[in-house]
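The values are calculated or read from the model by the stated rules, or taken from the named source; none is laboratory data. Because the structure is a prediction, the values reported are computed rather than measured. No Cβ is skipped: glycine too gets one built from the backbone with ideal geometry, and neighbour counts run over all protein chains shown. Side chains included, ligands, DNA and RNA excluded: accessible areas come from the protein's heavy atoms. Shrake-Rupley method; radii C 1.70, N 1.55, O 1.52, S 1.80 Å.
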2 protein chains.
Amino acid sequence: MKRTDRKSDCAINFALETFGDPWSLLIVRDIVYFGKNTYGEFLGSAERIGTSVLAHRLAVLEKKGILSKSLSKIDQRKEEYHLTAKGLDLIPLLLDLTEWGAAHDPRTGASRKWITAIRTDRNTVIKRTQDIVRKGGSVLGDFDRIVNK
Amino acid sequence: MKRTDRKSDCAINFALETFGDPWSLLIVRDIVYFGKNTYGEFLGSAERIGTSVLAHRLAVLEKKGILSKSLSKIDQRKEEYHLTAKGLDLIPLLLDLTEWGAAHDPRTGASRKWITAIRTDRNTVIKRTQDIVRKGGSVLGDFDRIVNK
DNA sequence: CACATTCACTTACATTATGAAAGTAAGTAT
DNA sequence: ATACTTACTTTCATAATGTAAGTGAATGTG
């Protein structure tokens, strides 16, 4: 059986069948946290996703309505990937992953300030992050606009 | 490279390397939502995990400190799997997966009442669910104690 | 304009993970 | 004593990932 075949109507199973592979959420993270938007930028990330896997994941995420793809106006070789509304709805989940990882990884790279912010002002951080990312920004690129405003 | 080799110090990557496969969170869901605790019960779930995959995932989740394993006092053939503190910390994430799945799956099986509860009283639902599961209960088995109290 | 480079992929192939089925050993029910 | 249940292991086919080497179109450079 393929991993994408629908196995039940459980909401959690639906979510995992959409992005529950080892790479999809790292691509979403690249967009949300690092402001990456192109194939080459995703390829360059620390986790070193393989080129064939990346192409496949991008195609699937676009087909499932998490990402939208459009040609760059500046450089016609480049495709730009952005989060759809469905994709922006993954931001709360990303924050939970961040919180869990930071709490349980003794050598986490997450900043104290960010962890505190998502713990104490979760709803505000979610809304601001979604607004920023919708406009093409990112957590690291617009940190002050999300945390210190 | 094995999928379990550490690829970066990103908190999200750490989390995904711990439980970011297609099955781990379904096992956690079985415990949290359905109160399942044994190999046979996990095997019986709707998504039909394969027996060899289940054995492997349980071993890895135990090794990574998400699950603890102990012999049943009543029936010595049975091993019982329970969430550790680290595993109970996954409950917020499970709720987000539920919310996302219910919001974007047109034929979701999630109940309206539950979705409303986790949307409006997230922190309370998290705490109560953790308390209940810590004591061996589950969302479906103790619904009223979590939602209507 | 010619040419090298960049970019988003595709293709090919080895390795790892999953899917499905059939065992096995120990504990329990009769 | 015997049959059954339970938690696995083993085996083998298929699917997904890891790695490297292309390919064709757009862009930068002289």
List pairs: first in the range B:109-136 and among the hydroxyl-bearing types (Ser, Thr, Tyr), second open to solvent by less than 80 Å² (accessible area, probe 1.4 Å) and assigned to a helix (DSSP H, G or I), Cβ under 6 Å, 6+ apart or cross-chain?
B:129/B:91; B:129/B:146
Against the definition (more than 9 Å from every other protein chain (Cβ to nearest Cβ) and without any contact (Cβ under 8 Å) to a residue 24 or more places away in the chain), how does residue A:9 come out, yes or no?
no
Considering (1) within 11 Å of DNA strand D (Cβ to nearest atom); (2) more than 22 Å from residue A:9 (Cβ to Cβ); (3) surrounded by fewer than 18 Cβ atoms within 10 Å (Cβ to Cβ), say which one residue B:64 fails and leave the rest.
(1)
Collect the residues in the range A:23-49 that are free of Cβ contacts under 8 Å to residues at least 60 places away in the same chain, within 7 Å of another protein chain (Cβ to nearest Cβ) and under 15 Å from residue A:93 (Cα atoms), keeping them in residue-number order.
A:26
Within the range A:1-20, track down each residue that is within 14 Å of DNA strand C (Cβ to nearest atom) and either within 13 Å of the chain's Cα centre (by Cα) or β-branched (Val, Ile, Thr) (or both).
A:4, A:20
Scanning for something farther than 17 Å from residue A:134 by Cα, under 13 Å from the mean Cα position of the chain (by Cα) and more than 10 Å from DNA strand C (Cβ to nearest atom), does the range A:48-59 turn up at least one residue?
yes
Return the total of residues in the range B:103-124 being more than 7 Å from every other protein chain (Cβ to nearest Cβ) and either outside any helix (DSSP H, G or I) or of a type in the set (Asp, Glu) (or both).
3
How many residues does the range A:74-90 contain that are surrounded by fewer than 20 Cβ atoms within 10 Å (Cβ to Cβ) and more than 10 Å from chain B (Cβ to nearest Cβ)?
9
Residue check for residue B:97: within 12 Å of DNA strand D (Cβ to nearest atom), assigned to a helix (DSSP H, G or I) and closer than 25 Å to residue A:90 by Cα
no
Quick test for you: out of A:106, A:92, pick the one residue that is closer than 27 Å to residue A:20 by Cβ and out of contact with any helix residue (DSSP H, G or I) (no Cβ under 9 Å at 6 or more places or on another chain).
A:106
Could you tell me which of the residues A:20, A:40, A:35 is touching a Gly at 6+ places or on another chain (Cβ under 9 Å) and within 15 Å of DNA strand D (Cβ to nearest atom)?
A:20
Options A:71, A:16, A:95; residue that is out of contact with any Cys (no Cβ under 7 Å at 6 or more places or on another chain) and open to solvent by less than 10 Å² (accessible area, probe 1.4 Å)
A:95
Selection from the range B:99-133 of residues that are charged (D, E, K, R) and exposed (fewer than 14 other Cβ atoms within 10 Å of the Cβ):
B:107, B:112, B:113, B:119, B:127
